[in-house]
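Here's the structure, in structure tokens; my notes come after.
The values are calculated or read from the model by the stated rules, or taken from the named source; none is laboratory data. The model shown is predicted, which means the values in this text are computed figures rather than measured ones. Heads up, the Cβs are rebuilt from the backbone with ideal geometry, glycines too, and the neighbour counts pull from every protein chain shown.
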Amino acid sequence: MKTRYPLSVTDELFLHLEKPDEPMSLQLEIRFSGRIDEKQLEVAAYSAMRMHPLASVRQHRTKGGDGYEWETVDRPDEDPVLTVVCDDAAALDAARNEFYSRRLLLESAPPFRFLVAHLDGGDWLFLKMSHAVTDAFGAYRFLQSVLRRYAGVNDTQPDDVDIIPARNLSREFGAKSLSERIRRATGLLGYLMESVQLPTRIAPHFAEDKAGVSFVSHTFPIADTDALAVLRKGSATLNDVLAALLHLTIARWNDSRKESSGRITLMNAMNLRPITWQQEGVGNMSLWVNVTTTETERRHYERTLASITEQTRKIKTRETAGLLVDLLDMTQLLPTKLRKALTQLMPLTGNFVVDTSVLNNLGRVPDLPDPAGKTGRITAIRFSPPTNMPMGVAVGAVTLRGELTVTFRYRLAQFDRHAAEAFCDQFVGLTNELVGAAQGTSD
């Protein structure tokens, strides 16, 4: 039996942000030491779809024809599992880039695809999931469900998880009275005034005038991941450290190419799931917020980190979440066509006009089961959020089994492969430089 769910405000904004040649899909990848059984994976995917209702939906026009809603299906319209055989690493990269550069047609279910890439030395499993359906935390939870079923491991979630109504963030965070709305309006005005200032753009290098994305990743071994703790000062989190490193990397990259790097602003995802199920639920339960630095604040790492830490401290308050939810609710008062146009100017869902780049850190994620048998064990993980030009670089971070992996997703209109590798190397080099200096100081 078909069930229909309303699009949340965040669902709708991501739906409108997507362009035919710039998909708004999340990247999650796992590598195994052995070979993946596609049939077994397909069975696991079907089972996981029954647990997570938004993993089995398609886009459906509302009765008035002016908007959309999600409609569940009993059987997918499209095969959720695809397969490719790769002869070498170059063929694997080509398959990955082509897979993630293609848009998911949400008129057909499901709103995700798996690609099994067979490769000597161990298969890769690519998951592409629409950001109109879920945020990155939800995409990881869905991947976890699929792999638990594939490995024959029990998969449960807390009894109070009810993602469908929870996506209506205004119930929890919206203003509850007229006086509260008036008080928040002052803060909202200041937020919007800050957001409309033009940002620094990452200097393109050997870019091509064509659509598509590609990826470069770096994994910090356990010892190097642990060593990042020396870069945390005061109440700073690892996410604050990564944001500071990315701000400084962008500034160095631009300076070396004689491009300006004044106001740098990053989009960061704020997970608004209830504390009792922070890593549960497939759906959009995050808001995007801006973290900004000036040239003066980037003169020293400690000053950069202090500025970012103070901004994120304020962002994490309930008041800020409420302010952003109120802004989202305001857009619902507009006609659909105006709402679609407004998404290009929304600072909290992907403002590609006023942000330099995006950083989405999944943090230390719950472990994934090793399937064993012919599939073997998990040997690598990668994750990145989507991005559109002119914000040509998006950075995803995830820590699994003590190792931090940072993935740089770049538009082909921003970098070629060599430039992307150089940008990644600059980030890693800066990180090692600062860690070495901090360890030398503490000795």
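Structural remarks
- Qualifying residue in segment 368-382 (condition: basic (Lys, Arg) and buried (at least 20 other Cβ atoms within 10 Å of the Cβ)): yes
- Close pairs (6 angstrom Cβ cut-off, 6 or more residues apart or separate chains): outside the structural domain of Arg313 (by TED's automatic domain parsing) and assigned to a helix (DSSP H, G or I) in segment 228-240, at pLDDT 95 or above and not hydroxyl-bearing (Ser, Thr, Tyr) anywhere: none
- Meets criteria (modelled with pLDDT of 85 or more, assigned by TED's automatic domain parsing to the domain that holds Phe383 and surrounded by fewer than 21 Cβ atoms within 10 Å (Cβ to Cβ)) for Ala321: no
- Among the residues of segment 353-400, those that are touching a residue at least 40 places away in the same chain (Cβ under 8 Å), of a type in the set (D, E, K, R) and farther than 21 Å from Val289 by Cβ comprise Asp370, Lys374, Arg377, Arg382.
- Residue ID - surrounded by the fewest Cβ atoms within 10 Å (Cβ to Cβ), chosen from residues in segment 246-275 that are polar (S, T, N, Q) and farther than 18 Å from Gln426 by Cα: Asn271
- Listed by position, the strands (runs of 3 or more DSSP E) enclosed by segment 21-111 that each have at least 2 residues that are of a type in the set (A, V, I, L, M, F, W, C) are 25-32, 81-85.
- Tally, over segment 395-413, of residues that are farther than 26 Å from Arg377 by Cβ, assigned to a loop (DSSP other than H, G, I, E, B) and either out of contact with any Ser or Thr (no Cβ under 9 Å at 6 or more places or on another chain) or of a type in the set (Phe, Trp, Tyr) (or both): 1
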